[in-house]
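For reference, the structure discussed in these notes is given below.
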Amino acid sequence: MSRTKIVAANWKMNLSYAEGEVLVKEISAGLPDPISCEVVVAPPFVYIQSLIRQTEGLPIHIAAQHCHEKASGAYTGEISVGMLKSIGAEYCITGHSERRQLFHETNDIVKAKVDAILDSGLIPIFCCGESLDIRQEGRQNEFVKRQLEESIFHLSPQAFEGLVIAYEPIWAIGTGVTASPAQAQEMHAFIRETIAAKYGEQISQGTRILYGGSIKADNASTIFSQVDVDGGLVGGASLQADGFLEIIKGAC
Ligand code: PGA
């Protein structure tokens, strides 16, 4: 089954608004034409609405990096998925390891966020991935399987089809150490098998599984050419137009 690849930029807490605007302008000017993959940009919340306007009619989709799981209420400083939907956001990242580690988001919390994102009609980019300790102990499959079981395997088959997964080994995020193409492929194949065991072969083959962790222009195309890798979630290297466009060309 052919799956449309996604190349998603996670800006994290970087760039001024003016820098972000220029970056999006440069990316849109350099996109392959025609383009065979989806390009997603996840800026900080406060730039989302303007960047949605800026990218109207362009093949660039805007994502949020995070959301609150509740629809509304006394949650000072938080942003609901309904709010994101109301300004035209299309995707929302959840379960990112930085949110899990620094903001104490558990599998249960991520589960509630996945539900909220799907209910609102946005597409969740659900992140999973193990720490270096867990990999060194050889427990990465068991660990990732549990993240899937506890945060997304409660979904109905129909809801599950609306989800994108990003495998991001924590030891590769922002460290300059990338999983080798073989390591990425091995985990992606494992995730796909695990989905097949739960939801069947057809849904498993249709699920997009992105890789994230120190993707750069010079390693992107090899990673993206692995059979079970359907694109990437790119942090640091998405902050420069030239490098990010090279990464996009590796997938599209
Ligand atoms: P990185 O980040 O590309 O800077 O490693 C990826 C991510 O955290 O999504």
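Given a 1.4 Å probe and the protein chains as shown, Ile215 ends up with an accessible area of around 10 Å². In the context of the full set of protein chains, residues of the chain present 44 Å² of accessible surface per residue (probe radius 1.4 Å, heavy atoms only). Shape descriptor for the chain: Rg over Rh equals 0.93 (Cα atoms; Rh from the Kirkwood inverse mean 1/r).
Springs join every pair of Cα atoms under 10 Å in this Gaussian network model of the chain, and among Val227, Val164, Val110 the largest mean-square fluctuation is at Val227.
Carbon and sulfur atoms: what percent of the 1.4 Å accessible area of segment 71-198 do they account for? Exposed carbon and sulfur together represent 52 percent of the surface. Reported to the nearest whole Å, the Cα centre-to-centre distance from segment 145-201 to segment 58-72 is 20. Ignoring lysines fewer than eight residues from Lys111 along the same chain, the ones with Cα atoms less than 28 angstrom from its Cα are Lys5, Lys12, Lys70, Lys85, Lys145, Lys198.
Counting only the Cα atoms, segment 11-161 fills a convex hull of 148 Å³ per residue. So what's the net charge close to Val164: Lys and Arg +1, Asp and Glu -1, counting the other residues with Cβ under 15 Å from its Cβ? My count for the surroundings of Val164 gives -1.
Which order do you get for Met187, Met13 if you rank them by accessible area with a 1.4 Å probe, largest at the top?
Most to least solvent-accessible, the answer reads Met13, Met187.
The residues neighbouring Arg135, those whose beta-carbon lies less than 12 Å from its own, together hold a net charge of -4 under the Lys/Arg +1, Asp/Glu -1 convention.
Once the piece of chain linking Arg146 and Gln49 is laid out straight, how much longer is it, given 0.36 nm per residue of separation minus the C-alpha distance between them? Going from the current span to full extension adds 31.4 nm. Measuring nothing but how far apart in sequence close Cα pairs (under 8 Å, 6+ apart) lie, relative to its length, the chain scores a relative contact order of 22 percent.
Hey, what number do you get for the chain at 222 nm if only DSSP H runs of n ≥ 4 count, each worth -39500 (n - 2.57), divided across all residues, to the nearest 500? Can you show the working numbers first?
Numbers: 12 runs with 115 residues, N = 252.
Calculated at 222 nm, the ellipticity per residue is -13000 deg cm²/dmol.
Ranked from the most accessible area to the least, with a 1.4 Å probe and all protein chains present, what is the order of His66, His104, His188?
Details: His66 20, His104 135, His188 0 Å².
I get His104, His66, His188, largest accessible area first.
Positive contributions from Lys and Arg (+1) and negative ones from Asp and Glu (-1), summed over other residues with Cβ under 10 Å from the Cβ of His154, come out at -2. Isolated cysteines in the chain, defined as those with no second cysteine Cβ under 4.7 Å, comprise Cys67, Cys92, Cys127, Cys128.
The values are calculated or read from the model by the stated rules, or taken from the named source; none is laboratory data. Predicted model, so just to flag it, every value in this text is computed and none were measured. FYI the Cβ positions are ideal-geometry reconstructions off the backbone, even for glycines, and counts take in every protein chain you see. For the accessible areas, the whole protein counts, side chains as well, though only heavy atoms, and no ligand, DNA or RNA atoms are used. Shrake-Rupley method; radii C 1.70, N 1.55, O 1.52, S 1.80 Å.
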